[in-house]
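Following: one structure in structure tokens, then a few remarks.
The values are calculated or read from the model by the stated rules, or taken from the named source; none is laboratory data. Keep in mind it's a predicted model, so treat the numbers as computed, not measured. Neighbour counts run over all protein chains shown; Cβ positions are idealised from the backbone, glycine included.
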Amino acid sequence: MIFNETILFIVSMILTGVLLFLFVYYIITLSDLECDYINAQQCCHRLNMVIEKVKRFLGSSQLYYKLNLWLKWNIPAVVGQGIVTVCFLLHGWFLLFTLNLPMASWSSYQVLKIPSGNLGLYDPMEIHNRGQLKNHMRDVLIKMAFHLVAFFVYLYCMIVSMLKTDPIPGSQPSGEFDEF
């Protein structure tokens, strides 16, 4: 074990909450594109946004062009999902690990299958072709639903782990609440 179960579930809830807000942002941006409030180039730029502070720090160096794919919004999402999945494996929560593994694998697969000529996962030239906009909306909604359910599962597990631990180290139980 790396850290306490309560800390594990707090970290999992925080990462899942961040991913949940990220996917809500994705849905809002994709629905704006669907309703023609923004054009495809603006939408894809927002969804494939390069983290600007890192871009300014690296400037126009060769390292920036090599790391350009890894500075997109979808990479932190994959890393966050991977951290949660690996933490559950290391702590022995195999049921939660097996529930998180397909989502982490699918997110990694989506990032790794990006064609070399595209700007990112969302390409302005291809987003309206062959119903890709609907597919992207479906994928983001599935991810958002998964993370919403996972957030409440982690909240429940955190509460249960807090109730199992001794709040005052070294204190003797009185016997009143032994059945819980």
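Can you tell me which residue within the range 61-97, out of those that are of a type in the set (Ser, Thr, Tyr) and modelled with pLDDT under 60, is surrounded by the most Cβ atoms within 10 Å (Cβ to Cβ)? Before the answer, list the steps.
Within the range 61-97, the first condition is being of a type in the set (Ser, Thr, Tyr), and the residues that meet it are 61, 64-65, 85.
Cutting the leftovers down to modelled with pLDDT under 60 gives us 61, 64-65.
Values: SER61: 10, TYR64: 16, TYR65: 10.
Of everything passing the filter in the range 61-97, TYR64 is surrounded by the most Cβ atoms within 10 Å (Cβ to Cβ).
Within the range 30-48, the residues that satisfy the criterion of being farther than 18 Å from GLY131 by Cα, part of a helix (DSSP H, G or I) and modelled with pLDDT under 80 are HIS45, ARG46.
Identify the residue in the range 128-147 that is touching a residue at least 60 places away in the same chain (Cβ under 8 Å) and in a helix (DSSP H, G or I) and, among all such residues, is surrounded by the fewest Cβ atoms within 10 Å (Cβ to Cβ).
Residues of the range 128-147 touching a residue at least 60 places away in the same chain (Cβ under 8 Å): 128, 133, 136-137, 140-141, 143-144, 147.
Among the residues that remain, those that are also in a helix (DSSP H, G or I) are: 133, 136-137, 140-141, 143-144, 147.
Values: LEU133: 19, HIS136: 21, MET137: 17, VAL140: 20, LEU141: 14, LYS143: 22, MET144: 18, HIS147: 25.
Once the filter is applied, the top-ranked residue is LEU141.
Select from the range 1-21 the residues that are out of contact with any His (no Cβ under 9 Å at 6 or more places or on another chain) and buried (at least 19 other Cβ atoms within 10 Å of the Cβ) and write down the one among them that is nearest to MET125 (Cα to Cα). Steps first, answer last, please.
If we filter the range 1-21 for residues that are out of contact with any His (no Cβ under 9 Å at 6 or more places or on another chain), which is where we start, we get 4, 6-7, 9-15, 18, 21.
Filter again for buried (at least 19 other Cβ atoms within 10 Å of the Cβ), leaving 9, 12-13, 15.
Numbers: PHE9: 41, SER12: 36, MET13: 36, LEU15: 32 Å.
The residue in question is LEU15.
Taking the criterion of being β-branched (Val, Ile, Thr) and within 20 Å of ILE28 (Cβ to Cβ), the residues of the range 89-144 that qualify are ILE127, VAL140, ILE142.
Kindly check whether there is at least one residue in the range 98-115 that is small (Gly, Ala, Ser), out of contact with any strand residue (DSSP E or B) (no Cβ under 8 Å at 6 or more places or on another chain) and exposed (fewer than 13 other Cβ atoms within 10 Å of the Cβ). Checking the range 98-115: not a single residue is small (Gly, Ala, Ser), out of contact with any strand residue (DSSP E or B) (no Cβ under 8 Å at 6 or more places or on another chain) and exposed (fewer than 13 other Cβ atoms within 10 Å of the Cβ). Looking only at residues of the range 98-122 that are in a loop (DSSP other than H, G, I, E, B) and under 19 Å from LEU22 (Cβ atoms), we find that the one that is modelled with the lowest pLDDT is LEU119.
If you go through the range 87-105 and keep only what is closer than 26 Å to HIS136 by Cα and free of Cβ contacts under 8 Å to residues at least 12 places away in the same chain, you end up with THR98, PRO102, SER105.
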